[in-house]
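Data block below; observations after.
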Amino acid sequence: MMLRILLLALLSVPPCALWAHHSFPAVYDAARRTTIEGVVTEVWYQNPHARLYVQVSGQQGDQIWEVETQSPNMLRRGGWRFDSVKVGDRVEIEGNLAHTIEHRLYLQTLTFEDGNVLWVQDPAPLREN
């Protein structure tokens, strides 16, 4: 009986992992960048990718943008802390737009009101674009 339970558990993990992860070009357009400004409403430091939710006010009213970034582990290696971005922070985010999903982007830079910047990757390639 225990062997059956273990086998069922092992067989259920790969489909979940495959469903949860994707490649950058499958979802985001490297050639389409935008900048949004707003207030952070949620912060998720969960695998496979950390996410921020930002309320952006515009001509069509308030919209919630989903901002995806690297895994929490990669962010920590890059100098981020779990309290680097907090609910209520006013931020400007530059990132790559999703191909088909509105109000979603992949974060490249996050700038706080005081001018401090968090990078997702080495900033040198970003300045060349």
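To keep it simple, each residue is scored yes or no on (1) in contact with a helix residue (DSSP H, G or I) (Cβ under 8 Å, 6 or more places away or on another chain); (2) surrounded by 15 or more Cβ atoms within 10 Å (Cβ to Cβ).
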{"position": "T69", "(1), (2)": "yes, yes"}
{"position": "G79", "(1), (2)": "no, no"}
{"position": "K86", "(1), (2)": "no, no"}
{"position": "D89", "(1), (2)": "no, yes"}
{"position": "G95", "(1), (2)": "no, yes"}
{"position": "L110", "(1), (2)": "no, yes"}
{"position": "G115", "(1), (2)": "no, no"}
{"position": "L118", "(1), (2)": "no, yes"}
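Is there a residue in region 41-64 that is touching a Gly at 6+ places or on another chain (Cβ under 7 Å), modelled with pLDDT of 85 or more and among the hydrophobic types (A, V, I, L, M, F, W, C)?
Yes, because at least one residue in region 41-64 is touching a Gly at 6+ places or on another chain (Cβ under 7 Å), modelled with pLDDT of 85 or more and among the hydrophobic types (A, V, I, L, M, F, W, C).
Which of (1) among the charged types (D, E, K, R); (2) part of a loop (DSSP other than H, G, I, E, B); (3) out of contact with any strand residue (DSSP E or B) (no Cβ under 9 Å at 6 or more places or on another chain) does K86 not meet, given it meets every other one?
(3)
Taking H21 and the conditions (1) at pLDDT below 90; (2) farther than 24 Å from T100 by Cα, which numbered condition does it fall short on, given that it satisfies the others?
Among (1) at pLDDT below 90; (2) farther than 24 Å from T100 by Cα, the lone unmet condition for H21 is (2).
The values are calculated or read from the model by the stated rules, or taken from the named source; none is laboratory data. Predicted, not measured: the structure shown is a model, and the values here were computed from it. Positions of Cβ are generated from backbone atoms using ideal geometry, with glycine treated the same way; all protein chains shown enter the neighbour counts.
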